[in-house]
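Report on one structure; see the data block that follows.
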Amino acid sequence: MLSRVANSIYWMCRYIERAENVARFISVNTNLLLDMPSEENKHWEPLIMVTGDQAHFEEKNSDYTGESVVRYLTFEREYPNSIISCVAAARENARSVREIISAKMWEHLNNFYLELMNPRALPFALNEPDRFFEMIQMRCALFTGLIESTMSHGEAYNFGFMGMMTERADKTSRILDVKYFMLLPKASMVNTAIDSVQWMAVLKSASAFQMFRRQHHRITPRLVADFLIFDDDFPRSIKHCLHRADDCLHRITGAPAGTATCQPEKLLGRLKANMEYDDIEEVLEHGMHEYLDDFQTKLNAVDNAIGTTFFNIKQIQESSSQQQ
Amino acid sequence: MESLKNYDPGDFYDELFKAPGVPRSGSKLLIDKLISMPPGELEMRQKAAEALLLKMGITFNVYGREEGTEKIFPFDIIPRIVGYKDWEIIESGLRQRIYALNCFLQDIYNEKKILKDKIIPEDYIYSSKTYRKELEGFTPPKGIWCHVTGTDLIRDNNGDFFVLEDNLRCPSGVSYVLENRQVLKRSFSQVFEDSSVRPVDEYPDRLLAALRHLAPGTTDTPCIGVLTPGIYNSAYFEHSFLSQQMGVELVEGQDLVVQDGFVHMLTTKGLQRVDVLYRRLDDDFLDPLVFRPDSMLGVPGIMEVYKKGNIALANAPGTGIADDKVIYAFVPQIIKYYMDEDPILSNVPTYICDDKKSRDYVLDHLDELVVKAANESGGYGMLIGPHATEAERLEFAEKIKDEPRNYMAQPTISLSRVPTLIGPEQVEGRHVDLRPYVLFSDDIYVQPGGLTRVALKKGSLVVNSSQGGGSKDTWVLKNPEN
């Protein structure tokens, strides 16, 4: 398939996954605040911290209030990772591959975008955040469902799904990183008394609360981190996402599972193998932040390799013909 | 519906009514159905149709504005009906015209007999911006230049058809024909069936066949693509739609490279050779090495591959000379010259401003005439004398004097009208034109139907979508009306 098309599908799916994560994160935080009204504003800052875009936010806003944060993360067109920017970008990508994706997917994304562009969307988000962000999450989930059920599971699908899994792994690692640092600034605190409401919120931010409970019952920081990084079956655990992405990658190249025929397969395979043999004790020993930071760097390298191997072959072409 | 029951065609030729309250025989079924609908029903169907078009994202972009200016092409639910006999004239007239224009293109880039015989002053050819001297001496695959044409027809007060414009470059709009039909079939299924309307849906198959016809003989499975300028082009929806309907790749210039004498697509598995491109990109942007050097949309080197015969392009570069609005004035002579036949479809009388006598006439009669720039399209660069202000007319007079070669003028023709829904339970006549689509392959196919464009503003004669026009489904009847 065309490199540009593969690229568009990959990013279309990443953007929708990103929008969903932002929506869920805002939703969880709004809920959490109901339990601790006194120190309200302090709790909005981490939402921006997770994104790593504090500087840009502070350029545009003087304060971390509920309204400024929600407005920024949801409706700020100049912020490329706001929900509206993500959905608009996903739709632009979809528009350039309309002949490849199913009509249902396109119509759904188009409609989703038109809803967000409606002037009534902002008051809706501010007045009824619960309903609004629930709606956003459902729109994203529906999109994922449509990919699964209305599009052939060929090359295009695999690029899309790989994009989604890469994005998801990245977001789970960021949520864990920031929250862990906030709640447990020192490694030695890992066994002290904890605020279980806050840790529940961490799990909910990755929609992991219920599934975690079924598995572990008791909430401890160690178990939460273990679940979000290493759980084999939970669809948002980092390890699970890497496995799914790797499956897609091998279906794209046609190489047998477990082999590596190109740079992305090598890098992703290595990252997957590390995760296979690491465990939570080592992570805590190494330092949670250092571990996750290192993971994000390696995941970025995988993403870059996917780009140069499949999407930007013109550059390779040009440089190789220059050598001749 | 009262306003339809008592509908008055007024001083105009009406496509559906022959006299006040009296439908034409081919329209009777439709009009009876519309009149019998309960109040509000037609608006409801109109709204449902619009919602469907927006949801499907059948939109066009308006040039020169910020993002968020995608609009649905306004659509009117009352179809235009073309009778069996009228269609016979249109179809045979277009076959004749397109065949002759193709002969003209082959001649003008090769032997130039028509110039040597002084049928057309050669100055008109060489001074045209759309004449491509790079193509001189070239014969495209199978000798076909204009594979896809969309000819604009209008009808005057007597009901006679005239050709208003030939569009031989990248005519757009056929996707609306196909989509409008889908919507209309749902809206009026019974009447549609009873009226025996000729189908339009063959078009993508026919287009694909025409493209395959061009592929070099070396392969049984040619790789075919639609070349689009990209998602910001006003007709992007159509490019995507056609490639989807034909099951071929939709490519942009950035997806293509020239290597080893062939054009290739950049795919996730490396380079793949392309054999035929249906290009929806103007000549100017096609190849920065040959045409506009600042073009970011084209493919450097593609013209060299083309001239070697290693890729086929539809339409062929250089076809624009045949729809130059000054050359247009010579099409009747072109038909006579190459086919020794009289034109079946007439031209609108045309004054070429380059000619001193005609120019003086035009300048004296600006308040009666329509003036057009020779190489503009989309309703831009145009003056409608009777509707213009004095200042606008003066401005055009200056333009004509400065650049006479670039202008032509025609009498203002009061286009025929079709009843159009303009408000709740309110139907009024609005002016229309008709753009049928013609495919030139081993034979010439005229899609039975075409895009009926309607000027939605009361009294307006400008039907272009960029200027407040909309569209209607066009029903061509299979059987002669009694």
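The values are calculated or read from the model by the stated rules, or taken from the named source; none is laboratory data. Computed from a predicted structure; not experimentally measured. Because the Cβ atoms are built from the backbone with ideal geometry, glycine has one as well, and the counts that use them run over all protein chains shown. Please note that ligands, DNA and RNA were not included when accessible areas were found on the heavy atoms of the full protein model with its side chains. Shrake-Rupley method; radii C 1.70, N 1.55, O 1.52, S 1.80 Å.
Numbers for the structure displayed
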{"quantity": "Residues that are farther than 22 Å from residue B:263 by Cα and either in contact with a strand residue (DSSP E or B) (Cβ under 8 Å, 6 or more places away or on another chain) or of a type in the set (Val, Ile, Thr) (or both), drawn from the range B:232-248", "calculated": "B:232, B:233, B:234, B:235, B:236, B:237"}
{"quantity": "Output for the range B:413-443, where each listed residue is within 23 Å of residue B:8 (Cβ to Cβ) and in a loop (DSSP other than H, G, I, E, B)", "calculated": "B:413, B:414, B:415, B:416, B:424, B:425"}
{"quantity": "Of residues in the range A:198-216 being of a type in the set (S, T, N, Q) and open to solvent by 10 Å² or more (accessible area, probe 1.4 Å), the one modelled with the lowest pLDDT", "calculated": "A:198"}
{"quantity": "Condition check for residue B:253: closer than 18 Å to residue B:287 by Cβ and buried (at least 22 other Cβ atoms within 10 Å of the Cβ)", "calculated": "yes"}
{"quantity": "Helices (runs of 4 or more DSSP H) completely within the range B:115-225 that count 1 or more residues being of a type in the set (Gly, Ala, Ser)", "calculated": "B:174-187, B:189-194, B:203-212"}
{"quantity": "Subset of the range A:76-106 that is open to solvent by 40 Å² or more (accessible area, probe 1.4 Å) and part of a helix (DSSP H, G or I) - its residue that is nearest to residue B:228 (Cα to Cα)", "calculated": "A:92"}
{"quantity": "Selection from the range B:293-311 of residues that are more than 14 Å from chain A (Cβ to nearest Cβ), part of a loop (DSSP other than H, G, I, E, B) and either surrounded by fewer than 21 Cβ atoms within 10 Å (Cβ to Cβ) or out of contact with any strand residue (DSSP E or B) (no Cβ under 6 Å at 6 or more places or on another chain) (or both)", "calculated": "B:293, B:294, B:295, B:298, B:308, B:309, B:310"}
{"quantity": "Residues of the range B:340-354 that turn out to be open to solvent by 30 Å² or more (accessible area, probe 1.4 Å), under 21 Å from residue B:160 (Cβ atoms) and at pLDDT 95 or above, as a count", "calculated": "5"}
{"quantity": "Test result for residue B:275, touching a Cys at 6+ places or on another chain (Cβ under 8 Å), under 25 Å from residue B:135 (Cβ atoms), modelled with pLDDT of 90 or more and of a type outside the set (Gly, Ala, Ser)", "calculated": "yes"}
{"quantity": "Filter result for residue B:290 (within 12 Å of another protein chain (Cβ to nearest Cβ) and of a type in the set (A, V, I, L, M))", "calculated": "no"}
{"quantity": "Residue pairs meeting the criteria (Cβ under 6 Å; at least 6 apart or on separate chains; first more than 9 Å from chain A (Cβ to nearest Cβ), in the range B:215-243; second open to solvent by 30 Å² or more (accessible area, probe 1.4 Å) and in a loop (DSSP other than H, G, I, E, B))", "calculated": "B:229/B:297; B:235/B:172; B:238/B:172"}
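Yes/no per residue for (1) open to solvent by 10 Å² or more (accessible area, probe 1.4 Å); (2) in contact with a Gly (Cβ under 7 Å, 6 or more places away or on another chain); (3) within 14 Å of chain B (Cβ to nearest Cβ); (4) in a loop (DSSP other than H, G, I, E, B):
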| position | (1), (2), (3), (4) |
| --- | --- |
| A:59 | yes, no, no, no |
| A:108 | yes, no, yes, no |
| A:112 | no, no, yes, no |
| A:132 | no, no, no, no |
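For (1) closer than 29 Å to residue B:211 by Cβ; (2) in contact with a helix residue (DSSP H, G or I) (Cβ under 6 Å, 6 or more places away or on another chain); (3) among the β-branched types (Val, Ile, Thr); (4) surrounded by fewer than 23 Cβ atoms within 10 Å (Cβ to Cβ), each residue gets a yes or a no:
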| residue | (1), (2), (3), (4) |
| --- | --- |
| B:316 | yes, no, no, no |
| B:332 | no, no, no, yes |
| B:356 | no, no, no, yes |
| B:371 | no, yes, yes, no |
